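Asker: Submitted below is the structure of interest, expressed as structure tokens.
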Amino acid sequence: MALKIEKTFQVKEPVDKVWSILSDPRKVATCVPGAQINEQVDEKTYKGAIRVKVGPSVTDYKGEVQIVRMDPQNHEIEILGKGQDVRGRGSASMKMTGKLRSLDDGGTEVTSISELNVVGILAQMGSRVISEVSNIMFAEFAKNFQARLALPADAPETSAGAATKPISATSVAWQAAKGVFRGDS
């Protein structure tokens, strides 16, 4: 199942400070619920994992993120990510473009355009539920990203705390289902 997701949010910090986080996958991973970077393979490739809690069990997905294009002058980054459920129940790949734009008040607008391809158990949920799950996860990411911006520039990558707690697919799926039935999407 293929899905395109476009999201935007604004922060009060200047574009250069936001870029220093957005251009570093280790720092971005601290903002994604349940995600972590385990290894830097080279200057553009990272290996990592994401933990998803479904009921009482925790499922691990392992994968790789590669920076395909980075344009510091225009504050744009394009990454390609792919991952596999360690138990072989599915996989996902994503091409994401992130863009920053300076705002008149000194803040920054962050835009993300993702093309997601999901295979296996996640694909069975359907595109509408996956879109709702994406909305919920993006809101959590934006909140964690803003918290990361408030930390000192030299703070450790795990300071935002997002990587330590697995995302609960049960609660996210429940919130998503409520959104679908309310017609929020």
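Asker: Scan the stretch 18-50 for residues that are open to solvent by 80 Å² or more (accessible area, probe 1.4 Å) and of a type in the set (D, E, K, R) and jot them down. Spell out the reasoning first.
Answerer: Within the stretch 18-50, the subset open to solvent by 80 Å² or more (accessible area, probe 1.4 Å) is 26, 36, 38-40, 43-44, 47.
Across the stretch 18-50, the qualifying residues are R26, E39, E43, K44, K47.
Asker: On to the next question. Select from the stretch 127-142 the residues that are of a type in the set (A, V, I, L, M, F, W, C) and either open to solvent by 30 Å² or more (accessible area, probe 1.4 Å) or in contact with a helix residue (DSSP H, G or I) (Cβ under 9 Å, 6 or more places away or on another chain) (or both) and list them in ascending order.
Answerer: Within the stretch 127-142, V129, I130, V133, I136, M137, F138, A139, F141 meet the criteria.
Asker: Could you list, in sequence order, the residues of the stretch 72-112 that are more than 23 Å from K44 (Cα to Cα) and touching a Pro at 6+ places or on another chain (Cβ under 9 Å)?
Answerer: S102, G106, G107, T108, listed by residue number.
Asker: I've got another one for you. Under 7 Å by Cβ, and 6 or more places apart or on different chains, what pairs join a residue from the stretch 23-46 that is of a type in the set (F, W, Y) with one that is part of a helix (DSSP H, G or I) and modelled with pLDDT under 95?
Answerer: Y46/P25
Asker: Let me ask you something else. Could you tell me whether P156 is open to solvent by 40 Å² or more (accessible area, probe 1.4 Å), more than 14 Å from the chain's Cα centre (by Cα) and at pLDDT below 75?
Answerer: Yes; evaluated as a whole, the condition is true for this residue.
Asker: Kindly establish whether G48 is touching a helix residue (DSSP H, G or I) at 6+ places or on another chain (Cβ under 8 Å) and over 23 Å from A153 (Cα atoms). Don't jump to the end; show me each part of the working.
Answerer: On the way: touching a helix residue (DSSP H, G or I) at 6+ places or on another chain (Cβ under 8 Å): yes; over 23 Å from A153 (Cα atoms): no.
In short, no.
Asker: Right, another one. Determine which member of the set V54, V119, V68, V86 is in contact with a Lys or Arg (Cβ under 9 Å, 6 or more places away or on another chain), open to solvent by 70 Å² or more (accessible area, probe 1.4 Å) and modelled with pLDDT under 90.
Answerer: V86
Asker: While we're here: Could you check, for the stretch 97-107, whether at least one of its residues is hydroxyl-bearing (S, T, Y), within 20 Å of E64 (Cα to Cα) and buried (at least 16 other Cβ atoms within 10 Å of the Cβ)?
Answerer: First, pick out the residues of the stretch 97-107 that are hydroxyl-bearing (S, T, Y): 97, 102.
So of that shortlist, the ones also within 20 Å of E64 (Cα to Cα) come out as 97.
Subsequent filtering for residues that are buried (at least 16 other Cβ atoms within 10 Å of the Cβ) retains 97.
Taking every residue of the stretch 97-107 in turn, at least one turns out to be hydroxyl-bearing (S, T, Y), within 20 Å of E64 (Cα to Cα) and buried (at least 16 other Cβ atoms within 10 Å of the Cβ).
Asker: Being open to solvent by 40 Å² or more (accessible area, probe 1.4 Å), under 21 Å from I21 (Cα atoms) and not small (G, A, S) is true for just one of Q146, Q124. Which residue is that?
Answerer: Just a single option satisfies the conditions, and that option is Q146.
Asker: Same structure, new question: Does V15 satisfy being crowded, with 18+ Cβ neighbours inside 10 Å, of a type in the set (A, V, I, L, M) and under 15 Å from the mean Cα position of the chain (by Cα)? Walk me through it before giving the result.
Answerer: Working: crowded, with 18+ Cβ neighbours inside 10 Å: yes; of a type in the set (A, V, I, L, M): yes; under 15 Å from the mean Cα position of the chain (by Cα): no.
No.
The values are calculated or read from the model by the stated rules, or taken from the named source; none is laboratory data. Quick caveat, the model's predicted, so the values are computed rather than measured. In this analysis, Cβ positions are derived from the backbone assuming ideal geometry, glycine residues included, and neighbour counts consider all displayed protein chains. Quick note on the areas: whole protein, heavy atoms, side chains included, nothing else; ligands and nucleic acids left out. Shrake-Rupley method; radii C 1.70, N 1.55, O 1.52, S 1.80 Å.
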